[in-house]
Structures are given as C-alpha cells and as structure tokens.
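To start, the structure under review is shown below, and the notes come after it.
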Amino acid sequence: MDVHAVSARDYLVRKEPYYEPQGNEIALFEAAYRNQIPVLLKGPTGCGKTRFMEHMAWRLKRPLVTVSCHDDLTASDLVGRYLITASETAWVDGPLARAVRIGAVCYLDEIVEARKDTTVVIHPLADDRRALPIEKTGELLQAAPEFCLAISYNPGYQSVLKDLKQSTRQRFVAIEFTYPATELEQRIIIHESGIDPEMAARLVKFAGMTRNLKGNGLDEGASTRLLVHAAKLMASGIDPRQACRGAIAEALTDDAEMLAAVNELSASLF
C-alpha cells in the first residue's frame, strides 16, 4: 500500500473565495511566500483570517491544508503515525507531512491551542532548514520551494500560559488583522447575506457597541462572522432582534446580565 499517494488536486481551492482586503496584507503575504518566509496571522476570531488563507491559496494556485488546532492535538497528529491494518503496519502521514510532500500551503489555525510539543515540530520548517524530521521513520522531509507554513492566533484572547513563545514567533512575518472599517464591513455583510444596506449598517453599529464591551463583561465583541450569520437569518425572514439574539448575543456570552445588556443594545437599533 502506498501511504504517500496524496494528490495535490484534492486540496486545491478551485473557486475564488470572496475576500475584501483591509490593507496591504495580500502583497505582504505574496512577498513572504516568494522569499520562503513563514507567516503568522494575528487577530480576533471571526475577522477573516481563514478566508484570507483560502484566498491566498487560490491566488497562488497552491493546495491548502488547514488544521484547526485544539487542546488534544499532538505532534504525532500533525506529523503522522503507524497504523495497523488487516495485513500490515503502515505509516500514515499527518496533515503537516502531507502538506510538505505536495508543496502545499499549510495553515495551522489557533496554533497556541495545541499541545506545546507541536510548536517544536514546526521550528525546523519555519527557519532556513525548511525541513520536517520524522523521528519514527528516520525520514527528513525537505520542503519544496512551493511549500508555505502559516499559523494564526488571537493574542487578545490567550492566557499567559497559552501565549506564543518568542522562539516561535520570531521565525515568522506577522500580519495583523482586525475588524474591517465600517463601510468595508457593511459591504462584506451585504455580499455574504444579500441583506439591504440599511440593515447592514445597523448591524455594524450594533457590532461596535458590543466591541466596546470587550473587557467589561465580554471576552470578545461581535465578529464579522457573527454579523454575517445574523444578516443571513434576517434575509431569511427572521425578526432582526431574534436574529441578533441567536446569532450574536447567545454566541458571545452565557451570563444572564450580559445577555440582557446585549439584547437591549440590539433592541435600540432594530
């Protein structure tokens, strides 16, 4: 059995993902890619980092391998492991090794959520070596020029225990993301949901109110993603206040007092 038989075509982004640039992030990423420098995306959840990566993979015409990191993600999950089949023991690549083999863009989303041994694994790929040692097989995978490593994290949400170490972050070119400017965010909501401009404007104003509560009862304000969810519900005929409650308020907090406060904010606009 050929366990390395992975087609790059399976990971291609075939249709252009809709993405509205906030600044010079596209040019910066392309320059980093040409110079084989890994990229770190910083910013709050739901502000477009994943969509940006999909868009860049499409622009560069490279396969995209995305890993959503979590507390139980280990280095073996990324690199690979031996699996016992009916007739043999076979090595199976993890997503990181697979991305290196096919010269893909590998995107590790929320890297600090994974176990600490995962960051050690990516260090050789994120410096001049551009190599992935596979200790269990004795193999040293050398990344092709087309391979690109990108990671993301939310610096405003992480605890001290889950911050990104300097030994890791100084290997990367950093691109900072934030919520789009008012007119741009309205345009995104209209495009993604089909809602009318007036309602989109109200949603963006509501989002600004919730973002002002960050650190004062809310861990995060309403993201652009949540605004799009609410707009889609409205476009489907759901009452605006119910849409804001289900798509935004309930997603932001479980605290009864904060829920009431956020719902009052939406009632003032809708």
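For the chain, the 222 nm mean residue ellipticity estimated from helices alone, with every DSSP H stretch of n ≥ 4 adding -39500 (n - 2.57) and the total spread over all residues, rounds to -11000 deg cm²/dmol. For segment 8-176, pairs of C-alpha atoms spaced more than 30 angstrom apart make up 14 percent of the total.
When Rg and Dmax are taken over the Cα atoms of segment 182-269, they come to 11.8, 33 Å. Under the criterion of Cα pairs below 8 Å and six or more residues apart, the relative contact order for segment 1-159 equals 29 percent. Grab the eigenvalues of the alpha-carbon gyration tensor for segment 79-228, scale each by 5, take roots, and send me the semi-axes largest first in whole angstrom. For segment 79-228, the semi-axes come out at 39, 19, 16 Å.
Every number here is computed from the coordinates shown, using simple stated rules; none is lab data. Keep in mind the model is a prediction, meaning the values are calculated, not measured.
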